[in-house]
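Here's the structure, in C-alpha cells; my notes come after.
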Amino acid sequence: MNLLWLIPAFPIAGFLFLALAGTRLSRRAVSIVGAGSVGLSALVSLWIAGQFFVSPPAGYAYTQTIWNWLDVGSLHLPIAFYLDPLSLIMTLVVTCVGFLIHVYSAGYMSEDEDISRFFAYMNLFVASMVTLLLASNLVLLLLGWEGVGLCSYLLIGFWYRDPANGYAGRKAFIVTRVGDTSMLIGLFLLYRHLGTLDIQTLMARAAHQWPVGSPLAVAAGLLLLGGAVGKSAQLPLQTWLPDAMAGPTPTSALIHAATMVTAGVYLIARMHVIYQLAPSAQFTVGVVGAATLTLAGFSALTQPDIKRALAYSTVSQIGYMFLALGVGAWSAAIFHFMTHAFFKALLFLGAGMIIESLHHEQNMFKMGGLRKELPVVFWTFLIAGCALAGVPLVTAGFYSKGLIVWQAEASSAGRWGFWLVAVFGVFLTSAYTFRIIFLTFFGEAKSHVHKRPGLAMTVPCIVLAVLSLVGGFVKTPEFLGNIHLFTDFLHHALPPVAVAHARAMSELASEGWVTLALIVGFAVAYFCYIERPEFTASLTRSALGNALHRFWKSDWGMDWLYDRLLVWPVMWFARVDAGDAVDSIYTGIARLCEWFYQGVRRTETGQIRWYAAAIAFGTLIFVAVVLFL
Amino acid sequence: MMLVWLIVILLAAGVVAWLGGRRSAAWARWVSLLAVLADLIWAVAFWLRHPAQAEILPQGHWLAQFNVAWVPQLGIRFHLAMDGLSLLMVVLTLFIGVMAVLCSWREIQTGVGFYHFNLMWILAGILGVFLAVDLFLFYFAWELMLVPMYFLIAIWGHERRVYAAIKFFIFTQLSGLLMLLAILALYFIHHRATGVYTFEYSALLGTPLSQRTALLLMLGFFVAFAVKLPMFPFHPWLPDAHTEAPTAGSLILAGLLLKTGAYGMIRFVIPLFPQAAHQFAPVAMTLAVVGILYGAVLAYGQRDFKRMVAYTSVSHLGFVLLGIFAWNTLALEGAVVGMIAHALSTGALFMLVGQLYERTHTRDLTRLGGLWSTAPVLSGVGMFFMLGSVGLPGLGDFVGEFLVLLGTYRLHPILTALATVGVLASTFYGVQMVQRAFHGPNVHQWKIADLKGRELLIMAPMIALLLWLGLYPLPVLKTFAPAWKGLERTTRSLTAAARR
C-alpha cells in the first residue's frame, strides 16, 4: 500500500524523460518508455488493489502524505494521496485502460515524426489523472484537474500545423476553464465556511454543521457542479467535446471518452455529502444529466463524422452518469463509468483503425462494407457497440445502464420523468449506435482499404472487447443471479442507494422496457440505413427534416449562441480598445500642455513695440485693479 | 554592516564597469556579473542561516541592520534594515539581477560600460528601496533607481524609446513628488506632536493624525506606489516602457520595479495609515479587480509580443494589490508569492521575447507562427511560462493567486468571484500567444536556431524556481510569516490605540 505514490510517479518520470531526451531516442524506445511507464503504473495499481481486497486497511481508506505543500495560517495542504474503494476503482480503470491505449498508440503513432512529444503528453495526462483521483484535498485535486485539462488542450492541438486543431484545443481549454472558475469559487466558499479543504474533513464538517437544505450547501453543490459540467462536457458547457475530436484518435479514446471527461462524475461522487445536504443541487445534477443525454443523443443521430458521432455518444452516456448521481445512485454512476471506459475506448480505437485504413476518411457515408475487409475491427467494434446500446445479458453496458435506468425511478430521490427520459435515451443510443455500425460495416464498400492494423493495435482491442462483455458481471440485477460484488465494495466509500420500495417499479419491469426501447432503436436504425436508405435521404431533404437535422447536427445551435453572447463581445472589446482608451486621457493632458505652450509662445515675437504695448497694457490693468478693488 | 556592503559592491562595480568598459566590453560584463553573483551568494547564504525567526516590531527587531546618522540636524539617518519580507525581495532582486546581466551579454553591443553602470545602479537603488527604513533614505533610493532606468530605456531601447522613457519618467516622477510631500508632511506633523525631527520608520508609525490628514497622506504614498505597481488607471506608462526597453530593462521593470510598488504598499501605506487604508480598501480592491480584467482583455488584443506580456503584468499585479488590501494572512502570503512568481514567469517571457527578437527581428505576433517545428525547445519553454502566467496549479503564479483569492473571499465574495474570472481571462491571451507564435503553420518560413548554451543556462533556473515555488513554496511562506506577524501586530495595535 505504501507504493501508492509510484502510481503517479512512473508516468511523471516517463514524461520528464521523454520531454528532456525524447527527440534523441528511436521511435521504438520512445514507445517502450511511453507505454512502459503507464504499464508499470498499472501493475502497481493492480498490486495495491490486490492488497486492498485481501487485507483492507482500517476503515477502507489509506492516506499517504508525500510532502507539505502549503501551510499558511489555518490552511494546511499536504501533497497527500487518499485511497478508498472509489479512488481505487477509478485509478485501476484509468491505468489499465490507459496502458492498453498506450500500447495501441505505439502502433497508431509509429509513423508520426512527433511521437516522443505525443507520448510525453500522454504520460503527463495519466499522471495528472491519477493525481486528480487520489488527491486527498481539493487543491491537489485541482492540480490534477487543471493538469488533465492542459494535456487535453495539448493533445487536441497535437497536429499544430493545422490552425483548426489549435482552435479546437483552445476552445476545449477555455470552455472547461469556465467551469473551473465556478469550481474555484466553490472551493473558496467551502474553505470560508468549513475551514478546511481536506476532502474527508470537509465532508465530516459539512454533515455536522450544515442542515439538510442549507443554502450554503446548495451554493457549494451548484458551484462544484459548474466545474463538473465543464470537464464532463454536460449542458450547458458540452460544446467543446465534439470539436476535441481533432486530436489523434488514441487521445480521443483515452481522454475524451474513457477517463478525463468522467472527472466531473468523480468530483460529484467524491463530494456526495454536499449533495445529500442539498437536495435541490442534487436534483439539478439529475436534470442536467437527463437533458444532456437526450440532446446529445439527437445530435449523435445526425453526425456524418464517425468520431463526432461517438463524441456525442460520450456526452450522452456521461449524461446517464449524471442522472445516476442526481438520484443518489452513486455506485451505479461509477459502475457505468467503468463499463463505459471499456466499450467507449474500444469504439474509438476501432474508429481509429477504420480511419487509418481508409486514408484518414472520417465520413461514415463514404465508408460501408468494411465487415469483410476488417474482420477483427468489425467484431470488436460490434461487441463495443452492443455494449453501448446495452444488448441484454451478454454485454457490460446492459448491466450498468439498466441499473441507472431502474434507480432513476426506484431511488427515493428518483422520479418518473427521469426514468422516462432514461428509457427514451436507450432508444436513442441503440438507434445511433446501430446507425454507425450499419453505415460503416454493412452495405456497399465505398472506399478502398489500403492498410490493415498491426498486432499492437488489435490486441488491446481484443482485451477491451472481452472486458466489454464480462465487465458487467460484477453487479447483476436481482432476477439474474443477484451479484453485488461491485456495489458492496463501493459502499465502503459511497452510501448505498435508498430504494423507495413502496412505490418503486420492479427491476425486471424496468429492464423489460429498456430491452423494448433497445429493440425499437435497432429496428429504426435497420429500417433507415439498411432497409430503406432512400427514405432517410428524402426525410432529411424535406423542409422540416432538413431544419431539424441541421439544428441537431449543430448541437442545438449552442455554439452559435455562445459566439454571439460571449465570445464576440470580448473579442470586439479587445480589438477596439487595443490602443488602450485610458492612455488617451494622459495623451490628452500632454496635448493640452503642448497647446498651452504654443499659445504662450506666440507672445514671444521679438518686436520691441509688441513688448512695450504688453507692458503698458499690463500696467494699466494692474493700476486699475489696485484703484478699483 | 553587511547590508551596506550589498549596496556598495553594486555601486562600485557600476563605476568600475563604466571605467573599464571603455577598453573592454567583456570586462564590464564580467565585473557586473561577479558583483551581482557575490551579492546573491551572500544573500542566499544569509537566508539559509536565518530561516526567519525574527519579527519586525515598532521598537525595531530586525534580522540585520545598519544604522548611522547621516544628516543629524534634520533627523536623517542612514538606516538599512531587513526582515523576512525585505530578505525575500533582496534575494529576488539579486537573482533577477544576475539574469539581467546574462541576458544582456549578446544583446548590448554599444556603450557596454555605461550600460552596466546603469544596470548596477538600478539594482543598488532597488536594494535601497527594499532595505531603507528611514523615509528620507527610502525616497533617495526611490529616485536613485529611476534615473539609470531612464537612461537604459532611452539609450538602448527600441524604436520609440525616447517617448517611452520620458513617459516613464514623468509618471514616476510626478507620483514620487506626491510621496515626497506626504513624507515631509508626516515629518512635520510628527515633530509637532513629539518635538522630535525624525524620518525613522518605526518612530513615524503611529503618528497621531486626524482622519482627513491621514487619508490625504495615505493617498500621497498610495499614488506613488500605485503608479509603480501599476494599478488601473495609472498603468499606461508600463506598456510603452516595457515594450521599448531592452530585454534586461523589461526584465527589471517587470521583475523588480513593479515589486517596489507592492512592497511600498505593504511596508508603508498600510502600517503608517492603517485606518485610512482600511477606509480606502474597497476602492483599491475594486480598482485591482478592474485592472485584473482590463489587463487580461487588453493583453488578448495586442499584436506586439512584448506589449502583450506587458499588459499581463497589469493583470497579475492586480492580484497582488487585491491581496495587500485584504490585509490578512492568506492574502498577504499569496501576494508575496505572487510577486516572486510574477517576476519569474513574466521576466522569463520577456527574455524569451528578447531571444525571439534577436532571431526574427520582429515582435509582431501575426508575423510569427509555426516556430515549434524549427525551435522546439524555445517553443516549449514559451509554453511553460505561458502556463505559469495563466495560473496552472503546480507553478508559482497559481499559489499566489489562489492564496490571494482564498484570503479575499471572506471579505468580498463578489470581488473575489470577478477576480477569479480574471484567472479565466488569462487563458485567452495565454493560448492565443502560443497559437500565434509557436503553433499553426510556419507561414513565413522561419528557420531559426533553437535555444542553447547561455540561453538555456538562463532559462533553466527560471523554470526550476517557478516549479519549486509552485510545488514547495513553504520556505518562502515561512520566511515571510514572522515579518507579516509583526506588520499585522503593528497595524492592529495602532488601530486599537486610535479607537481609544
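Coordinate-derived values only; no laboratory data. Values in this document were obtained by computation on a predicted structure and should not be read as measured data. Cβ: placed from backbone, ideal geometry, glycine included. Neighbour counts: every protein chain shown.
Here the gap between A:E604 and A:L516, fully extended at 0.36 nm per residue and compared with their Cα-Cα distance, gives a gain of 21.7 nm. The calculated FRET efficiency for B:A26 paired with B:T360, based on their beta-carbon distance and R0 = 22 Å, is about 0.25. Peptides A:341-350, B:23-32 ranked from most to least packed, by the mean per-residue count of other Cβ atoms within 10 Å: A:341-350, B:23-32. Could you tell me what % of all Cα pairs in the stretch A:477-629 have separations over 24 Å? Summing the P(r) of the stretch A:477-629 above 24 Å gives 76 percent of all pairs. Remark: A:K451, B:K228 ranked as A:K451, B:K228, counting other beta-carbon atoms within 10 Å and listing the fewest first. Put one equal scatterer on each alpha carbon of the stretch B:82-200, apply the Debye formula with no solvent term, and list log10 I(q)/I(0) at q = 0.22 1/Å to two decimals. With no solvent term, the Cα-only Debye profile gives -1.25.
Based on the Cβ-Cβ distance from A:D577 to B:R160, what FRET efficiency comes out when R0 is 22 Å, to the nearest 0.05? So, using R0 = 22 Å, E works out to roughly 0.65.
Peptide packing: for A:617-629, B:284-296, the average count of neighbouring Cβ atoms within 10 Å per residue gives the ranking B:284-296, A:617-629, highest mean first. Once Rh is set to the Kirkwood radius over Cα pairs, what Stokes-Einstein translational diffusion coefficient, in µm²/s, holds for chain B at a temperature of 20 °C and a viscosity of 1.002 mPa s? Translational D for this selection: 95 µm²/s. Taken residue by residue and averaged, Cβ atoms of other chains lying within 10 Å of the Cβ of A:139-149 number 3. Inter-part distance, the stretch B:78-103 to the stretch B:287-310, computed on C-alpha centroids, equals 27 Å.
Farthest towards the positive end of the charge dipole of the stretch A:554-629, among the residues A:L566, A:L620, A:I585, is the Cα of A:L620, using unit charges on the Cβ of Lys, Arg, Asp and Glu. Overall, the ratio between the Cα radius of gyration of the stretch A:384-541 and 2.2 N^0.38 Å, rounded to two decimals, is 1.24. Under the rule a/c < 1.5 gives rounded, and otherwise a/b versus b/c splits prolate from oblate, where does the stretch A:1-105 land using the Cα gyration tensor? It is oblate, given that a/c is not under 1.5 and a/b is not larger than b/c. One way to sum up the overall shape of the stretch A:268-365 is the equivalent ellipsoid from its Cα gyration tensor, whose semi-axes run 32, 15, 7 Å, largest first. Rg then Dmax, both in Å and based on the Cα atoms of the stretch B:331-409: 15.0, 45. Dividing the helix sum by the residues of the protein assembly as shown, where each DSSP H run of 4 or more adds -39500 (n - 2.57), gives a mean residue ellipticity at 222 nm of -24000 deg cm²/dmol. Placing +1 on each Lys and Arg Cβ and -1 on each Asp and Glu Cβ, with no other charges, gives the protein assembly as shown a dipole about its Cα centre of roughly 1280 debye.
Between exposed GluC sites (Glu not before Pro) in chain B, where DSSP calls loop and at most 16 other Cβ atoms lie within 10 Å, what's the longest gap? It runs B:160-500. Taking a ≥ b ≥ c as the square roots of the eigenvalues of the Cα gyration tensor, the stretch A:289-444 is prolate, since a/c reaches 1.5 or more and a/b is larger than b/c. In chain A the longest region clear of GluC sites (Glu not before Pro) that are loop-assigned by DSSP and have at most 11 other C-beta atoms within 10 Å covers A:114-443. If each residue of separation counts as 0.36 nm, what is the full-extension length gain between B:L467 and B:A69 once their alpha-carbon separation is subtracted? Gain on extension, B:L467 to B:A69, equals 138.9 nm. The stretch B:150-216 and the stretch A:86-115 have their alpha-carbon centroids 60 Å apart. Take each residue of peptide A:168-177, count the partner chain Cβ atoms within 10 Å of its Cβ, and average: the result is 4.
Shape index of the stretch A:6-553: Rg/Rh, with Rg the Cα radius of gyration and Rh the Kirkwood radius from the inverse mean 1/r over Cα pairs, equals 0.95. Note on A:318-331: average number of Cβ atoms from other chains within 10 Å of each residue's Cβ is 0. Taking only the Cα atoms of the stretch A:557-602, the ratio Rg/Rh comes out at 1.45, with Rh defined as the Kirkwood radius. Each residue of the stretch A:109-121 is assigned a 3J(HN,Hα), and the resulting list reads 9, 4, 9, 6, 6, 9, 4, 5, 5, 4, 5, 4, 4 Hz, derived from the Karplus form 6.51 cos²θ - 1.76 cosθ + 1.60 (θ = phi - 60°), x at Gly and Pro. Exposure proxy ranking for B:R489, A:R601, based on other Cβ atoms within 10 angstrom of each Cβ and starting from the fewest, stands as A:R601, B:R489. State the Cα centre-to-centre distance between the stretch B:255-278 and the stretch A:219-294 in whole Å. Distance between centres, Cα-based: 43 Å. By the beta-carbon count within 10 Å of each Cβ, the least crowded to most crowded order of A:H501, B:H242, fewest first, is A:H501, B:H242. Ignoring aspartates and glutamates fewer than eight residues from A:K307 along the same chain, the ones with Cα atoms less than 16 angstrom from its Cα are A:D243, A:E356, A:E361, A:D555.
Other residues within the sphere of radius under 15 Å centred on the Cβ of A:W552, judged by their own Cβ, net out at +1 (K and R +1, D and E -1). Dipole magnitude for the stretch A:427-584: computed about the Cα centre from +1 point charges on Lys and Arg Cβ and -1 point charges on Asp and Glu Cβ, it is near 580 debye. Out of every Cα-Cα pair that the protein assembly as shown contains, those further apart than 44 angstrom amount to 42 percent.
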